[in-house]
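K.L.:
Submitted below is the structure of interest, expressed as structure tokens.
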Amino acid sequence: MDMMEKLEILSDAAKYDAACTSSGVDRAGKKGGIGNCAKGGICHSFSADGRCISLLKVLLTNCCIYDCKYCINRRSNDTRRAAFTPRELAELTIQFYRRNYIEGLFLSSGILRSPDDTCELMIETLRLLREEYRFGGYIHVKAIPGADDRLICRLGLLADRMSVNIELPSRESLALLAPDKHKEDIFRPMALIREQRGIVSRPKGEHFVPAGQSTQMIIGATPDTDLQILRLTQGLYRKYGLKRVFFSAYIPVQEDRLLPAIDTKPPLLREHRLYQADWLLRFYGFDASELLDEQHQSFNPLVDPKCNWAINHMEQFPVEVNRAPYEMLLRVPGIGVKSARRILTARRTGSLDFAGLKKLGVVLKRAQYFLLCNGKMMEGLRVNPDAVLRALISPRDYELAALPEQAPEQLSLFTRAPSGEDMQKCLTGEI
Amino acid sequence: MLDRGDLIYRCDGGMTGLLCCVFESYTRKEIPADILGMEELTLFPVRDILPDEAHALRVWKSVGKISRQAQRWVALAWLSCEDGRLYAIYRFIRLLYTFGSKTLSMLADDTVNRIYRMVRAVENEAHHMKEFLRFAEYEKVLVSVISPKGAVLPLLQHHFTDRFPEEAFVIFDRTHGMALFYRPYQAYIQTVESLQLPPAGAQEQEMQALWKRYYEKIAIAGRFNPKCRMGHCPKRFWPDMTELAPELLKESPSRQGLPAGIAGTLPTYIE
């Protein structure tokens, strides 16, 4: 089998892994070697689905002894099988890296013979890269569930990031769709990685998974609610110190009575809302319980979680731009981490007005309803719940949310989100 | 200070010339209404400022004394090559002399905001180049052709020399007619009009084919979203990217767009 065919099969089999980030570690290049790492990560391309391509994302092999229902590589699936030798893969990685196609390698694998055997092949690939090619770029590797602890530890010393996929958000879902995997198989290596990362007394120059660990779960293959998923996510950040949790909208790849029908559309809006909430947990100081609770178990399809929170907590607004603490500024719709920081910087030298806020990159269309500048609201602003809601709905989300099979037909003056023109007509009495 | 609403300064457009405009303005105690390049025509009375290294250095050092960050902003704003940057930088330096280092936090001020945006734009453009720049190997030398909006080569130098210490490579910026040359372990930036490239070898063609196939395979058909892709990777970058360019580079790349002479004074001002 030639290289082209192998690459085809093994990248095709790896593409459902959502993670393709190269962030979390800063490493200078070394004379005699090749490669460095940038803290924020670097994307090198974007595929036709709009996802970033940062790493060469391939499986070492797509042969597998397991039979997980949702997975295209499961034993019972009739598909072409291939495997890279460690040497082939290391050489390909270097050749791609030299041409600035990629930031490094994302290596995962089906289980060949046994978890331990597979793990050893992966270690050999990484060892070749690090020791022979003296590769200093980014390596993300999947921990193989069920592999020996010592092997996981060796793998972790060669990689920058390691991940163990949770796959499904609850024990019940896991038992239903991945009968060979157990909750313990997943959380044990996670705990091991956390433990190993905590060890401080290592020989000089030795780092265990310096960019931390991440995980991924599939959304929409099982009936788990947004609330369950978000709680689990928060738990993972707090308990296991994860750097990222990725969500992957389930795309039907095969017929099975336990799975959604093959023509089901991937729940992209739901995935999007989960990522928005994930950001709120990590950068905006929100707690999962503020975003969803037992009465509201799913996200509002029309407005993002932050706006949704703001509308339901109008008693905390408006806030005074020139005095509000950073934490409160972050909670204003239309202000993000960057603009909040800029506000802090700019108000040190003088008070800010609405024109100034606009220059700092605040989205006034949203923020105006929640802000005061020197005790005053924006001039000419009329606040009524309808106008606020309309300003907070993004046209894109509206279209996504209003897919015909999901939304019942409702009588409306507008067939889609009211545009600026519609609004104007409405005000001037044309409609 | 006499605010001369009708007087226009003209300089050579380089960093030295610009700094000399600041110097002249303070020695003559007058504020020009605009600063233009030498060739530009205007109906207003003009004063042509000749570059003088010593004067420029005095201004440059005075800015550095106020704040290193301000110095960096001035250099980056100048690299952005945006229209009107000369006068904007002049106004910015005046503000620095008045308010000191706190000028940098006056983000709601029009002049400071303008500079801040230029700095961000040029830094973003440099980052885009780190992302989307592609090398092709020609007889053991890696060659890349880029068309950035700002003159970002000085901002790429450290990144790529640190990344590929043992390679020999060339990055040719065809918008500004300059190129970064590197072989172990020295690098320099030079004015270049065009590059003559031999045809790509067999291994190079194979790698490009592998990469293109990988690029096609990694996309998930059920999530096809060209708008999202264009948001992250605008079409203006595509012609220089192996996987998105319509055809392999056939003709030898040469300078197009802006006039030459951008490189000149630069490396002394930015590290």
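The values are calculated or read from the model by the stated rules, or taken from the named source; none is laboratory data. Source: prediction; values computed, not measured. Every residue, glycine as well, gets a Cβ built from its backbone with ideal geometry; the counts of neighbours run over all protein chains shown.
K.L.:
State all residues of segment A:43-70 that are crowded, with 21+ Cβ neighbours inside 10 Å and part of a loop (DSSP other than H, G, I, E, B); if no residue qualifies, say none.
P.N.:
Across segment A:43-70, the qualifying residues are A:CYS43, A:HIS44, A:SER47, A:ARG51, A:SER54, A:LEU60, A:ASN62, A:CYS64, A:TYR70.
K.L.:
It is to be established whether one or more residues within segment A:196-205 are among the β-branched types (Val, Ile, Thr), under 25 Å from A:THR61 (Cα atoms) and assigned by TED's automatic domain parsing to the domain that holds A:PRO115.
P.N.:
no
K.L.:
Which residues, counting only those in segment B:92-105, are among the β-branched types (Val, Ile, Thr) and either in contact with a Phe, Trp or Tyr (Cβ under 8 Å, 6 or more places away or on another chain) or touching a residue at least 60 places away in the same chain (Cβ under 8 Å) (or both)?
P.N.:
Those that are among the β-branched types (Val, Ile, Thr) and either in contact with a Phe, Trp or Tyr (Cβ under 8 Å, 6 or more places away or on another chain) or touching a residue at least 60 places away in the same chain (Cβ under 8 Å) (or both): B:ILE93, B:THR103.
K.L.:
Still on this structure, please answer the following. Of the residues B:LEU210, B:LEU142, B:LEU180, only one is closer than 18 Å to A:GLU103 by Cβ and assigned to a strand (DSSP E or B); which?
P.N.:
Within the list B:LEU210, B:LEU142, B:LEU180, the selection yields B:LEU142.
K.L.:
Counting only residues that are under 19 Å from A:ASP17 (Cβ atoms) and among the hydroxyl-bearing types (Ser, Thr, Tyr), how many does segment A:148-192 have?
P.N.:
2
K.L.:
Do any residues in segment B:156-180 that are facing chain A (nearest Cβ under 9 Å) have Cβ atoms under 6 Å from those of residues that are among the charged types (D, E, K, R), where the two are at least six apart or on different chains, and which pairs are they?
P.N.:
The qualifying pairs are B:HIS159/B:LYS130; B:PRO165/A:LYS31.
K.L.:
Can you tell me which residue among B:ARG85, B:ARG114 is away from every other protein chain (no Cβ under 14 Å), of a type in the set (Lys, Arg) and buried (at least 17 other Cβ atoms within 10 Å of the Cβ)?
P.N.:
Checking each option against the conditions leaves just B:ARG85.
K.L.:
May I ask you to verify whether A:ARG27 is basic (Lys, Arg) and either closer than 30 Å to A:SER173 by Cα or not assigned by TED's automatic domain parsing to the domain that holds A:ASP12 (or both)?
P.N.:
When the stated conditions are applied, A:ARG27 does not pass them.
K.L.:
Of all residues in segment A:11-42 being of a type in the set (A, V, I, L, M, F, W, C) and facing chain B (nearest Cβ under 9 Å), which is surrounded by the fewest Cβ atoms within 10 Å (Cβ to Cβ)?
P.N.:
Per the stated criteria, the residue is A:ALA28.
K.L.:
B:ALA108 - would you say it is within 14 Å of chain A (Cβ to nearest Cβ), assigned to a loop (DSSP other than H, G, I, E, B) and free of Cβ contacts under 8 Å to residues at least 40 places away in the same chain?
P.N.:
Judged against the criteria, B:ALA108 is a match.
K.L.:
I need the full set of residues from segment A:2-41 which are of a type in the set (Ser, Thr, Tyr) and part of a loop (DSSP other than H, G, I, E, B), in order please.
P.N.:
Passing the criteria: A:TYR16, A:THR21, A:SER22, A:SER23.
K.L.:
Say whether the condition of being closer than 30 Å to A:ASN322 by Cβ, at the interface with another protein chain (Cβ under 10 Å from one of its Cβ atoms) and either over 22 Å from the mean Cα position of the chain (by Cα) or among the basic types (Lys, Arg) (or both) is met by at least one residue in segment B:94-101.
P.N.:
Within segment B:94-101 (the criterion being closer than 30 Å to A:ASN322 by Cβ, at the interface with another protein chain (Cβ under 10 Å from one of its Cβ atoms) and either over 22 Å from the mean Cα position of the chain (by Cα) or among the basic types (Lys, Arg) (or both)), the answer is yes, since at least one residue qualifies.
K.L.:
Still on this structure, please answer the following. Residues that are within 22 Å of the chain's Cα centre (by Cα) and not hydroxyl-bearing (Ser, Thr, Tyr): which helices (runs of 4 or more DSSP H) entirely in segment A:112-214 hold 2 or more of them?
P.N.:
It comes to A:171-177, A:183-198.
K.L.:
Test of understanding: among B:THR42, B:THR98, B:THR111, which residue is at pLDDT 95 or above, over 27 Å from B:LEU155 (Cα atoms) and not assigned by TED's automatic domain parsing to the domain that holds B:LEU155?
P.N.:
Residue meeting the stated conditions: B:THR98.
K.L.:
Within the bounds of segment A:249-259, is there any residue that is free of Cβ contacts under 8 Å to residues at least 40 places away in the same chain, touching a strand residue (DSSP E or B) at 6+ places or on another chain (Cβ under 8 Å) and not in a helix (DSSP H, G or I)?
P.N.:
yes
K.L.:
Condition (residue is out of contact with any strand residue (DSSP E or B) (no Cβ under 8 Å at 6 or more places or on another chain) and buried (at least 18 other Cβ atoms within 10 Å of the Cβ)) applied to segment B:176-197: is it met by at least one residue?
P.N.:
yes
K.L.:
Right, B:VAL119: of a type in the set (Val, Ile, Thr) and part of a helix (DSSP H, G or I) or not?
P.N.:
yes
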